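The values are calculated or read from the model by the stated rules, or taken from the named source; none is laboratory data. The shown structure was predicted, so the numbers you read here are calculated from the model rather than taken from an experiment. So basically every Cβ, Gly included, is an ideal-geometry build from the backbone, and we count neighbours across all protein chains shown. These accessible areas exclude ligands, DNA and RNA; they are computed on the full protein's heavy atoms, side chains included. Shrake-Rupley method; radii C 1.70, N 1.55, O 1.52, S 1.80 Å.
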Amino acid sequence: MHAEPQKEHHWLQKLVGEWTFECECSMGPDQPAMKWNGADIVRSFGGLWTIGESQGELPGGGGCQSIMTLGFDPESKRFVGTFVAAEGTRLWIYDGALDAAEKVLTLDTEGPKFTGEGLAKYQDIIEFVSDDHRTLSSQILGDDGQWQPFMKAHYRRKR
């Protein structure tokens with residue numbers, strides 16, 4: 001069976017290319033913000049999927065690596081994907097939707113709470129500022145029912 005790319009698949013192809021990024025992350029109100037930068041290479045997989053591989057250097061030494069896959073499921077009419085980091089053992093499963101303006105993709109997922117006790121709902125949000133500048137923001141749903149942002153990265157396309 002050969003699937004034909006739909007408009008949502010074409011939207012994902014905007015991610016394809018070589019990018020640099022700067023990231024800032026805070027793991028809690030009593031934790032200092034961490035800043036790091038790195039590179040992200042996103043390739044197309046059959047025109048239906050994207051595979052992004054990121055590498056960066058963490059403050060104080062040590063690297064970070066991750067892989068993100070994204071696609072669109074025409075049957076459920078939802079964006080789907082996965083995220084893994086070399087430093088962790090969790091496979092994060094994405095289920096998401098594009099906003100009406102087709103600039104922001106919100107990906108819902110679930111994972112361990114920062115405390116290590118139980119699971120929490122998370123969102124990774126990809127927004128195109130321009131064709132050559134995108135952001136990735138992450139937030140966690142707190143026990144109070146409010147979304148709490150904890151990470152934002154700016155990606156700029158390499159020329």
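Values as computed for the structure displayed
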quantity	calculated
Among the residues listed as Ile41, Ile67, Ile51, Ile93, the single one being within 20 Å of Trp147 (Cα to Cα), among the β-branched types (Val, Ile, Thr) and touching a Phe, Trp or Tyr at 6+ places or on another chain (Cβ under 9 Å)	Ile93
Number of positions in the range 46-64 that are touching a strand residue (DSSP E or B) at 6+ places or on another chain (Cβ under 6 Å), open to solvent by 70 Å² or more (accessible area, probe 1.4 Å) and either free of Cβ contacts under 8 Å to residues at least 12 places away in the same chain or of a type in the set (Gly, Ala, Ser) (or both)	0
Set Gly96, Gly88, Gly81: member being open to solvent by less than 50 Å² (accessible area, probe 1.4 Å) and at pLDDT below 95	Gly88
Close pairs from the range 1-17: first on the phi > 0 side of the Ramachandran plot and touching a residue at least 60 places away in the same chain (Cβ under 8 Å), partner assigned to a loop (DSSP other than H, G, I, E, B) and open to solvent by 40 Å² or more (accessible area, probe 1.4 Å), Cβ under 9 Å, at least 6 apart	Gly17/Asp132; Gly17/Lys158
Test result for Ile67, touching a residue at least 12 places away in the same chain (Cβ under 8 Å), under 14 Å from the mean Cα position of the chain (by Cα) and open to solvent by 50 Å² or more (accessible area, probe 1.4 Å)	yes
Some residue of the range 130-145 being at pLDDT 95 or above, outside any strand (DSSP E or B) and either touching a His at 6+ places or on another chain (Cβ under 8 Å) or on the phi > 0 side of the Ramachandran plot (or both)	yes
Subset of the range 112-129 [surrounded by 16 or more Cβ atoms within 10 Å (Cβ to Cβ) and either modelled with pLDDT under 95 or in contact with an Asp or Glu (Cβ under 8 Å, 6 or more places away or on another chain) (or both)]	Ala120, Tyr122, Gln123
